[in-house]
1. Residues being assigned to a strand (DSSP E or B) and under 19 Å from A:Pro176 (Cα atoms): count how many of those fall in region B:223-241.
2. Taking region B:151-187 as the region of interest, how many residues are within 14 Å of chain A (Cβ to nearest Cβ), in contact with a Gly (Cβ under 6 Å, 6 or more places away or on another chain) and at negative phi?
3. Listed residues B:Arg189, B:Arg224, B:Arg164; which is without any contact (Cβ under 8 Å) to a residue 12 or more places away in the chain and either basic (Lys, Arg) or over 30 Å from B:Glu294 (Cα atoms) (or both)?
4. Looking at (1) farther than 24 Å from B:Asp127 by Cβ; (2) in a helix (DSSP H, G or I), which one does B:Ala158 not meet, given that it meets all the others?
5. Any idea how many residues of region B:102-131 are open to solvent by 30 Å² or more (accessible area, probe 1.4 Å) and aliphatic (A, V, I, L, M)?
6. Here are some conditions: (1) within 30 Å of A:His251 (Cβ to Cβ); (2) assigned to a loop (DSSP other than H, G, I, E, B); (3) among the polar types (S, T, N, Q). B:Thr186 meets all but one. Which one does it not meet?
7. Here are the criteria: (1) of a type outside the set (Asp, Glu); (2) more than 10 Å from chain A (Cβ to nearest Cβ); (3) buried (at least 21 other Cβ atoms within 10 Å of the Cβ). Tell me which single one B:Ala275 does not satisfy.
8. Any idea which of (1) within 27 Å of B:Pro285 (Cα to Cα); (2) away from every other protein chain (no Cβ under 14 Å); (3) not in a loop (DSSP other than H, G, I, E, B) is the one B:Leu215 doesn't satisfy?
There are 2 protein chains.
Amino acid sequence: MSPTAALRYDPYPTRTVDRPSLLPREDPVVWGRGTGGPLDPELVASYEDNGYLVIPGLFSPATLEEVGADLTRLAADDEVRSSPQAVIEPDGEELRSLFQVHLGDDAVGRLAHDPRLVSIVHQLLDDEVYVHQSRVNLKPGFRGKEFYWHSDFETWHAEDGMPRMRAVSCSVLLTPNHAYNGPLLTIDRSHQWFVSCPGETPEDNYRTSLRRQDLGVPDDDSLRELVRRGRINQCLGQPGTVVIFDCNVMHGSSGNLTPFERNNVFMVFNAVSNALGEPFAAPRPRPEFIAAREVRPILV
Amino acid sequence: MSPTAALRYDPYPTRTVDRPSLLPREDPVVWGRGTGGPLDPELVASYEDNGYLVIPGLFSPATLEEVGADLTRLAADDEVRSSPQAVIEPDGEELRSLFQVHLGDDAVGRLAHDPRLVSIVHQLLDDEVYVHQSRVNLKPGFRGKEFYWHSDFETWHAEDGMPRMRAVSCSVLLTPNHAYNGPLLTIDRSHQWFVSCPGETPEDNYRTSLRRQDLGVPDDDSLRELVRRGRINQCLGQPGTVVIFDCNVMHGSSGNLTPFERNNVFMVFNAVSNALGEPFAAPRPRPEFIAAREVRPILV
């Protein structure tokens, strides 16, 4: 960590602490007045309370078909599969995630500046925004692995230097998310607290953490307490549904032993005023394809 | 395999074959007329069609409390934990299963001859019955592991020498089985086909297979086809609910990352006329605590 980093005030200390703790959030969930966008006040209030929204049918079957065709092409491309942006399943050969899919001019890339998403994000963050991270998550049938509980913000803060909780994730469902094929699980209201995690980020942690996370993993007691304060929710839906969630919502998903693959496109929008600085708890920033340091405001 | 075993007609060949296949069931699901018991005709027909029944509230909170107290005692007992009957989680220290819990005179043992279960089993199997296998399954919170798809009958036939499909399993839910804490998944109608699996059972396979099964695992194509012919169902319920299912239903369960442990008592009743013979595809029978060879008909 650089000497200057140590001088910054940090309401969200993590990986610099000896024991886990639950700290109160010190940022708004909805920035500004939360008006001037497509969400009606009840939806904004629900997002503020629970930390997420599930919006069915935001994208049409035609758009999804185009995106699906892009992904089939990308997943079969050996150059793509061997690129740093690709993450392969821990026990297998299958593509698990592909990062930085928002730069292309194909259908998946166009999602990153689709007005349906961006107008919602503007409404919630009250600022210009840019894509902090984008990826495709492919949870194959039969052998799709679980993602354990985590707050994205914990990692983005520690490893990428995201200062405050002013980012929103959008997950566009490409396949049906049933209760039984490893859907996204969220803990309602968990975004109101920050789970500070012990441990120290090693050099190049991201090379292993994208396959299996060992750091920034919330402890059992904190999870139990978050579930007691809120409750566990499954984000279900048909293709075209979008799950909008706050950067600090505790979430995860079980493995998938059904034949039904669970695929989605994941776009994270960060406020321009919340651009990345020095990592708060890592030797050096992660690569651009995981955490954009170049701020390119989205024009809509 | 003994020379005589090779002469037996076997409608359910498995682990002696080169490639997987889906074979039709050659046994009734409901034996006899399916009358003279507590299940009304609609429930019997539903069991026959789908292969299972979920019966809420069959056991009272008081009974469950007694059973729970027995299990807390057993799980904490070092002698029990180090006995062959105990199976510990693959990556941990926690008790995953405990076999042969039906012989004691405690509350869990009494479930094995509880008239509420036995009268249902008599109605479905039309024969005297005995306990083929009993166990407690403890799926802990946070780190409970998945059980991949399997037909119990495939193993009981290959490794224990159970001749025909004339056995019924009863799973008594001790904790809430939510959609999100790794509930039992069944494939409706899958009991109508036998998935023949390639491979050969090695010596003492059970020592590893109870922790992680590598043999008798259905292939992807057969699973896809079973799901196409039927559908995936989650068996949910509150404590006291009982899931009654045919020995050949394809079932499994996802891991459990929630704080809510998922515990149940599992009792398998086999028809006396279907008692075990030589294993159909294993060097020698498994131990008595996994597969009873001594037939003690249950008197009610």
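The values are calculated or read from the model by the stated rules, or taken from the named source; none is laboratory data. On a predicted model such as this, the values are computed, not experimentally measured, just so you know. When we count neighbours, we look across all protein chains shown, and the Cβ atoms used for this are built from the backbone with ideal geometry, even at glycine. Side chains included, ligands, DNA and RNA excluded: accessible areas come from the protein's heavy atoms. Shrake-Rupley method; radii C 1.70, N 1.55, O 1.52, S 1.80 Å.
1. Total satisfying the criteria: 3.
2. 3
3. Step by step, each of B:Arg189, B:Arg224, B:Arg164 is checked, and only B:Arg224 is without any contact (Cβ under 8 Å) to a residue 12 or more places away in the chain and either basic (Lys, Arg) or over 30 Å from B:Glu294 (Cα atoms) (or both).
4. Status for B:Ala158: all satisfied but (1).
5. Count: 1.
6. (2)
7. Evaluating B:Ala275 over (1) of a type outside the set (Asp, Glu); (2) more than 10 Å from chain A (Cβ to nearest Cβ); (3) buried (at least 21 other Cβ atoms within 10 Å of the Cβ) leaves (3) as the failure.
8. (3)
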